[in-house]
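A quick write-up on the structure given underneath.
The values are calculated or read from the model by the stated rules, or taken from the named source; none is laboratory data. As the structure is a computational prediction, the values presented were derived from the model and not from experiment. Quick reminder, even Gly has a Cβ in these numbers, built from the backbone with ideal geometry, and neighbours come from all protein chains shown.
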Amino acid sequence: MKKVYYRGFSTRSYEETGKGFGISDVKCIQEDLMNELFTIRGERMMMPTYGTRIPLLTFEPNDTETQDVLREDVTAVIGHDPRVELMALDIIVALDKHALICSAKVRYIEVNSR
């Protein structure tokens, strides 16, 4: 039997599978990271520092300043989550699609705190 280290809740999990709201381990961490990355800083009640500036980058110029904001915010979100360690972060400029693609390689850390 597989040991579960992290447990969470996701409505997206229910929408995709229809089998329940519970998620665990890597899926839980992915959901938590994505939720913070796509929440505007200051948007969450009683947590003014939660979130990033990433959702506000839409239609911003594709320059080094925008890339730096993306890099800083992704690094900060991953850096303050003790369940993962950032191994590599690449930002790819897709000029033909007018987009920045951020690829982060993280290491999952199993911690049994019981």
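Side notes on the structure shown:
- Hits in segment 89-108 (condition: more than 19 Å from Glu36 (Cα to Cα) and among the hydrophobic types (A, V, I, L, M, F, W, C)): Ile92, Val93, Ala94, Leu95, Ala99
- Residue in segment 86-101 that is surrounded by 14 or more Cβ atoms within 10 Å (Cβ to Cβ), within 25 Å of Tyr5 (Cα to Cα) and without any contact (Cβ under 8 Å) to a residue 60 or more places away in the chain present: yes
- Residue that is modelled with the highest pLDDT [pool: residues in segment 10-37 that are farther than 21 Å from Val77 by Cα and surrounded by 14 or more Cβ atoms within 10 Å (Cβ to Cβ)]: Gly22
- Exactly one residue out of Thr75, Thr64, Thr52, Thr58 is β-branched (Val, Ile, Thr) and touching an Asp or Glu at 6+ places or on another chain (Cβ under 6 Å): that is Thr52.
- Boolean, Ile40 is aliphatic (A, V, I, L, M), out of contact with any helix residue (DSSP H, G or I) (no Cβ under 9 Å at 6 or more places or on another chain) and either modelled with pLDDT under 75 or surrounded by 11 or more Cβ atoms within 10 Å (Cβ to Cβ) (or both): no
- Any hit, segment 20-31, residues being touching a strand residue (DSSP E or B) at 6+ places or on another chain (Cβ under 8 Å), touching a residue at least 40 places away in the same chain (Cβ under 8 Å) and assigned to a loop (DSSP other than H, G, I, E, B): no
- Near pairs, Cβ below 9 angstrom, 6+ apart or cross-chain, from segment 33-52 (in a loop (DSSP other than H, G, I, E, B)) to any residue that is surrounded by 13 or more Cβ atoms within 10 Å (Cβ to Cβ) and basic (Lys, Arg): Arg41/Arg53; Pro48/Arg41; Thr49/Arg41; Tyr50/Arg41; Tyr50/Arg44; Gly51/Arg41; Gly51/Arg44
- Note on segment 54-85: residues that are loosely packed, with under 11 Cβ neighbours inside 10 Å and touching a residue at least 12 places away in the same chain (Cβ under 8 Å) amount to 1.
- Residues that are under 16 Å from the mean Cα position of the chain (by Cα) and either part of a loop (DSSP other than H, G, I, E, B) or closer than 18 Å to Ala94 by Cβ (or both) within segment 53-69 comprise Arg53, Ile54, Leu57, Val69, listed in sequence order.
- Filtering segment 44-53 to residues that are surrounded by 12 or more Cβ atoms within 10 Å (Cβ to Cβ) and over 19 Å from Pro82 (Cβ atoms) leaves Arg44, Arg53.
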